[in-house]
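Derivation of every value follows stated rules applied to the coordinates shown; laboratory data play no part. In this text, all values refer to a predicted model and were calculated from it rather than measured experimentally. Cβ sites come from the backbone with ideal geometry, for glycine too, and all protein chains shown count toward neighbours.
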């Protein structure tokens, strides 16, 4: 009787060990599945992070700049020559957009050319992707020039009256225009073909500043501040023959 009881207890104990072992086997796949799920989740987080980095690194394409090159005289080769100059600089900067120079021109008849009609509809962004103006109306309502906004296609400032500026002063930008972007008749170096001292051009201030860093009108105007010293030399009064270039498409 005692022998039977011992045998029964031994069999019961052995059965318990088997059941415990089976329970461990059932738990293992669950743990593996859980780990796999966690790895998938980590992968998703990594993808999202990559997307955020791409978004943060994107910026608007350059569609406005002040020409980094200069012109000794007011003879720019006419409007076509000025446009070609803009597009050459834009292409060198990596742009595939088409640009036009912000210049008005005399035609000798009733078909005067206004700068505002040559540059598309906007919006326009500088070389750093900062909005200059959303449309023509906003552009011509800008309160002043701005050295930090009116940048070259290289993303650099034009020398001017701003604090810390290098010399010489070159902030006089050729426009031949009124503040509204229309022709100022007789102030276009004869439609940008003259090198004569007796001819003159209207200019704007890219930094919106005058002598002693004055921001009073008309020094503040980006497109119609004053006339230059003559079409034979763009340097006197603070120029270098820079022009504004806007993307038209």
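Summarising the label geometry, the points placed 7 Å from Cα in the beta-carbon direction at residue 185 and residue 72 lie 3.3 nm from one another. Rounded is the label for the stretch 60-249, because a/c, from the alpha-carbon gyration tensor with a ≥ b ≥ c as root eigenvalues, stays below 1.5. With the cut-off at under 17 Å, measuring from each backbone N in the stretch 118-142 to a point 7 Å along the Cα-to-Cβ line of residue 215 picks out 141-142. Just how far, in whole angstrom, is the stretch 124-196 from the stretch 71-102 if you go by their alpha carbon centroids? Distance between centres, Cα-based: 14 Å. Residues of the stretch 173-188 falling in the label zone of residue 227, defined by backbone nitrogen less than 16 Å from a point 7 Å along Cα to beta-carbon, are 174-179, 183-188. Between residue 88 and residue 130, the modelled labels are 2.9 nm apart [label points 7 Å from Cα along Cα→Cβ].
Compared with the direct C-alpha span, the chain from residue 96 to residue 137 gains 12.2 nm at full extension, assuming 0.36 nm per residue. On a per residue basis, the convex hull of the C-alpha atoms belonging to the stretch 90-137 measures out at 89 Å³.
Using the beta-carbon distance between residue 112 and residue 167 and R0 = 41 Å, what value does 1/(1 + (r/R0)^6) give for FRET efficiency, to the nearest 0.05? After rounding, the FRET efficiency stands at 0.70. Annotation: the antiparallel percentage among DSSP beta bridges lying fully within the stretch 60-249 is about 80.
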